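Shown next, in structure tokens, is the structure this report addresses.
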Amino acid sequence: NLAYHLHLSGDSSAGQYAAAGLALARAHGLLGLQAYLLSTSGEIALAAGDLEAAERCFLEGLTVAERTNTQERVAGLTANLGLVAARRGELPLAIHRLSTALAQADALGTRHLAAQVRVWLAPLLPPAEARVRLAEARAIAESGGRRRLLEEIARLENENVPGLLKAARKGAPVGFERKVDNEDASACRPVLPLGIAALDDALERGWRSGK
């Protein structure tokens, strides 16, 4: 939990705490916690631009989540793998992974996760379909009073979602803003954390999903 809170606040020590927690979870055979900590470690690596490390963590975490039949974690990790693909400009793979995660989230009834995946997916879709996904996400967010998610939806709508697809093809992280006149991906700054939506939801309510 400390690692994730530090990650959300931009503290560079987050990775060290996540690694320490993962080592303890492995030592004691706590598979559920391993999936959670691998997800957190992957998100930290993704935010730092280390796509190789992020993908390794997400893939290992997905294997553990499938083994323990933690379906919400499976959906979240699949979505995060979609974000990795989007960051690499592998749009068909990104769309496939995010669409798979969306179907899983809808089937589970994890509404906040389903809304967040729609927001991540929208910039990769044709304009008409993107607008539909954002409208769906807005309806879910409004019904649950998800202020941060509503802010992200408004930002995408104001920035013209289809225009973000061009940035994604150039390697700009989806869900990030690129600084003006700077084509270096390192210039991208996060508007919202790239964490699994279910975790963000849990943080707002004072508990962590899957703990």
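Applying the selection to segment 124-133, what residues are in contact (Cβ under 8 Å) with a residue 24 or more places away in the chain, over 17 Å from Ala105 (Cβ atoms) and assigned to a helix (DSSP H, G or I)? Scanning segment 124-133 gives Pro127, Ala130, Arg131.
For the residues Ala54, Ala14, the requirement of being surrounded by 23 or more Cβ atoms within 10 Å (Cβ to Cβ), modelled with pLDDT of 95 or more and on the phi < 0 side of the Ramachandran plot singles out Ala54. Would it be correct to say that Glu43 is in a helix (DSSP H, G or I) and either touching a strand residue (DSSP E or B) at 6+ places or on another chain (Cβ under 7 Å) or open to solvent by 20 Å² or more (accessible area, probe 1.4 Å) (or both)? Against the criterion (in a helix (DSSP H, G or I) and either touching a strand residue (DSSP E or B) at 6+ places or on another chain (Cβ under 7 Å) or open to solvent by 20 Å² or more (accessible area, probe 1.4 Å) (or both)), Glu43 does not qualify. Of all residues in segment 140-174, those satisfying the criterion of being farther than 15 Å from Arg118 by Cα, open to solvent by 30 Å² or more (accessible area, probe 1.4 Å) and either at pLDDT 90 or above or out of contact with any strand residue (DSSP E or B) (no Cβ under 9 Å at 6 or more places or on another chain) (or both) are Ser143, Gly144, Gly145, Arg147, Asn158, Asn160, Gly163, Lys166, Arg169, Lys170. Residues in segment 21-40 that are part of a loop (DSSP other than H, G, I, E, B) and either touching a residue at least 40 places away in the same chain (Cβ under 8 Å) or open to solvent by 60 Å² or more (accessible area, probe 1.4 Å) (or both): 2 in all. Scan segment 65-78 for residues that are buried (at least 18 other Cβ atoms within 10 Å of the Cβ) and among the hydroxyl-bearing types (Ser, Thr, Tyr) and the total you get is 2. As a summary of the residue check, Gly49 satisfies the conditions (1) touching a Cys at 6+ places or on another chain (Cβ under 9 Å); (2) assigned to a helix (DSSP H, G or I) except for the one numbered (2).
Looking at Leu121, Leu93, Leu62 in this structure, which one is in a helix (DSSP H, G or I), within 29 Å of Ala19 (Cα to Cα) and touching a residue at least 12 places away in the same chain (Cβ under 8 Å)? Residue meeting the stated conditions: Leu62.
Considering Leu81, Leu134, Leu108, Leu93, which residue is open to solvent by less than 40 Å² (accessible area, probe 1.4 Å) and within 26 Å of Leu62 (Cβ to Cβ)? Only one candidate passes the filter, namely Leu81.
The values are calculated or read from the model by the stated rules, or taken from the named source; none is laboratory data. Treat the numbers as computed from the prediction; the structure is a model and nothing was measured. Ideal geometry is used to build each Cβ from the backbone, glycine not excepted, and the neighbour counts take in all protein chains shown. Side chains are part of the model used for accessible areas, which takes the heavy atoms of the whole protein and leaves out ligands, DNA and RNA. Shrake-Rupley method; radii C 1.70, N 1.55, O 1.52, S 1.80 Å.
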